[in-house]
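Report on the following structure.
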Amino acid sequence: MFARKDFLDLSGKTAVVTGAGSGIGLAVADMLSTYGANVAIVDVNPAGEEARKFREAGRNVSFFRCDVTNEQNVKETVEAIVSEFGRIDILHNNAGVTVRKTIENLSEKEWDFVLDVGLKGLFLMSKYVIPEMRKIGGGSIVNTGSGWGLKGGDQAAAYCAVKGGIVNVTRAMAIDHGKDNIRVNSVNPGDTVTPMMISEGRQTGEIKSDDDIEEFLKSCGAGRPLARIGQPEDIAKCVLFLCSDLAGWVTGAALVVDGGGIA
C-alpha cells in the first residue's frame, strides 16, 4: 500500500528558471516557489521587482541578470546562484524569442538571434548547471519546447528549428545524464497568453492595435478541443510535475500542453 506523501514538496531544493521575467517563466518561478523551492529568476531584462514581490510573500527568490547566449555571463551567474543558495536541483531552460518570418524573408542576424537564445542558451546553462547537479546526486532539467517543435508552423522557420532542436536535444541529454540521476524532459506548450504571443500577433499583422488583442487571443484558442488559449499557469503546473517526485521515472519525454491543439 502507498503511504501518503506530498510528492510535490520542493522544500530545500533550488530551481533556476531562465526567461523568468515574464510569461511562462515567471509563472514557473511562482509555482515552484509556492511549493517550497528556492528560485533563481534569470533574465536578460530587469526582473528585480518580481523577485521582491515573491520575497515579500515569504518566498526565497532572487533575480540574476544574465544573457544566456554569453558563456562567461552564464558561468558567473551559475556560480552566483550556487554561492547564494548552496545547490541547484532544478533547471528550467525557458528563455526564448521568435521572429515570425519564412526562410527567404529571415535575415542571417534574425536567424542567429532566435537560435542563439533558444538553443545556445539551453546548451550553456545546462553545461554549467549539470556539474552542480552531479555534486548533489541528481536533479531535473525541463526544457521549453513547443507544439511547433513537434509539427510545423507558418512564418516561423527559425522558431520551429529551435523548438524541434529542443525536443531532440532533450532526448540526447536524458540518455547522457541518466547515469547521473539527472532527468531531462521537455514541456511543449501551445498558444499561451504571454508578451511573446502578443508580439507574434503584431509581427504577423493579426494585431494591428491594442483593440485587437483580446479577439486575437480568443481566436488562438478557438479551434482547440478544449476551446481556449493557454494560460502561463497551465504550463507551470506541468513543469512542477516534471520537477517533482511524481515524475521520478520520467525522462526523455516531450509533454504536450496545448489544449489538444496537435491531437
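Descriptive notes on the structure:
- Within the range 121-178, being small (Gly, Ala, Ser) and either in the same structural domain as residue 203 (by TED's automatic domain parsing) or farther than 23 Å from residue 192 by Cα (or both) holds for 126, 137, 138, 139, 140, 172, 174, 178.
- Residue under evaluation residue 142, criteria (1) touching a residue at least 12 places away in the same chain (Cβ under 8 Å); (2) over 28 Å from residue 263 (Cα atoms); (3) of a type outside the set (Phe, Trp, Tyr), criterion not met: (2)
- No other residue among 83, 33, 11 is under 20 Å from the mean Cα position of the chain (by Cα), of a type in the set (S, T, N, Q) and at pLDDT 95 or above apart from 33.
- Whichever residue in the range 181-238 is polar (S, T, N, Q) and outside any helix (DSSP H, G or I) and, among such residues, is farthest from residue 93 (Cα to Cα): 209
- Qualifying residue in the range 148-156 (condition: loosely packed, with under 14 Cβ neighbours inside 10 Å, out of contact with any Pro (no Cβ under 9 Å at 6 or more places or on another chain) and part of a helix (DSSP H, G or I)): no
- Within the range 204-229, residues that are over 21 Å from residue 159 (Cα atoms) sit with their Cβ atoms under 6 Å from residues that are among the β-branched types (Val, Ile, Thr) and not in a helix (DSSP H, G or I), at 6+ positions apart or across chains, in these pairs: 213/207.
- Scan the range 131-147 for residues that are among the hydrophobic types (A, V, I, L, M, F, W, C) and surrounded by fewer than 20 Cβ atoms within 10 Å (Cβ to Cβ) and the total you get is 1.
- Total residues in the range 1-26, condition crowded, with 22+ Cβ neighbours inside 10 Å and assigned to a loop (DSSP other than H, G, I, E, B): 5
- Meets criteria (surrounded by fewer than 18 Cβ atoms within 10 Å (Cβ to Cβ) and either among the polar types (S, T, N, Q) or more than 18 Å from residue 166 (Cα to Cα) (or both)) for residue 101: no
The values are calculated or read from the model by the stated rules, or taken from the named source; none is laboratory data. Every value quoted in this text rests on a predicted model; they were computed, and no experiment measured them. Don't worry about glycine lacking a Cβ; one is built from the backbone with ideal geometry, like all the others, and counts go over all protein chains shown.
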